[in-house]
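Taken together, the values in this text are just the output of simple stated rules run on the coordinates, not laboratory data. These numbers were taken from a predicted model, which means no experiment stands behind them. Glycine also receives a Cβ, built like all others from the backbone with ideal geometry; neighbour counts cover every protein chain displayed.
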Amino acid sequence: DAMVIQNPRYQVTQFGKPVTLSCSQTLNHNVMYWYQQKSSQAPKLLFHYYDKDFNNEADTPDNFQSRRPNTSFCFLDIRSPGLGDAAMYLCATSSDQDYSSTDTQYFGPGTRLTVL
Amino acid sequence: GENVEQHPSTLSVQEGDSAVIKCTYSDSASNYFPWYKQELGKRPQLIIDIRSNVGEKKDQRIAVTLNKTAKHFSLHITETQPEDSAVYFCAASPQTGTYKYIFGTGTRLKVLA
């Protein structure tokens, strides 16, 4: 199985209290993504990194930030969570180093965020 | 920009019957089309994919067909089993190098025993 690990699996935070979700990967993939997914809707891309280059989606709120300190790790920071930010947050990776699997995204198990 | 439509939104079939889910895309430059299966509370898992230079691909009970002229692609599951029950998402990758997917809205498949 693809090794994309997310911690924690479940996170409870209070309204307005900053929270950080983490993602790590052992695949040495150069592209990492953060998605938000609500109740069986399609995953919604928040941003992605190509190597260290950060690419924000135009409709991603400023409340969401990300850091990628190295190839293996990527963090999602939610500065002031609101009730509407309760969702599953999925990390994914892909690589453009292998033509046979270029474009294929491998998802982590997700972090379910609850905002009280 | 790219837009992906997926139909139907829900599909119920009897165990052993076939299931077909269809997606259409708008950007003729799209060249990669994956299908993901997502069980309740779990991650999306890639089940099959197809590139634009191929018309059909099969993996055991699962097949995907692509019609580039009509800009649509379909997932076919034969001999369905209860464990095939899940939400299925199609996606299109607009072009090599964008590293992004445009997802369909999902199909909830129920296989009735």
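List of remarks:
- Of the residues making up the stretch A:74-92, those that are surrounded by 15 or more Cβ atoms within 10 Å (Cβ to Cβ) and assigned to a loop (DSSP other than H, G, I, E, B) number 2.
- Residues satisfying the stated conditions in the stretch B:65-96, i.e. hydrophobic (A, V, I, L, M, F, W, C) and either in contact with a Pro (Cβ under 6 Å, 6 or more places away or on another chain) or within 14 Å of chain A (Cβ to nearest Cβ) (or both): B:A86, B:V87, B:F89, B:C90, B:A91, B:A92
- Here B:K42 passes the criteria (1) under 26 Å from A:C91 (Cα atoms); (2) surrounded by fewer than 17 Cβ atoms within 10 Å (Cβ to Cβ); (3) in contact with a helix residue (DSSP H, G or I) (Cβ under 8 Å, 6 or more places away or on another chain) except the one numbered (3).
- Selected residue (only one of A:D103, A:D96 is surrounded by fewer than 17 Cβ atoms within 10 Å (Cβ to Cβ) and not in a strand (DSSP E or B)): A:D96
- So B:S9, is it within 14 Å of chain A (Cβ to nearest Cβ) and farther than 23 Å from A:Y33 by Cα: yes
- Looking only at the stretch A:42-56, and only at residues there that are in a loop (DSSP other than H, G, I, E, B) and surrounded by 15 or more Cβ atoms within 10 Å (Cβ to Cβ), the one that is farthest from the chain's Cα centre (by Cα): A:A42
- Of all the listed residues (A:T20, A:T60, A:T71), the sole one being in contact (Cβ under 8 Å) with a residue 12 or more places away in the chain, assigned to a strand (DSSP E or B) and among the β-branched types (V, I, T) is A:T20.
- Scan of the stretch B:20-64 for residues that are away from chain A (no Cβ under 14 Å), farther than 24 Å from A:Q41 by Cα and either under 9 Å from the mean Cα position of the chain (by Cα) or touching a residue at least 40 places away in the same chain (Cβ under 8 Å) (or both), ordered by number: B:S28
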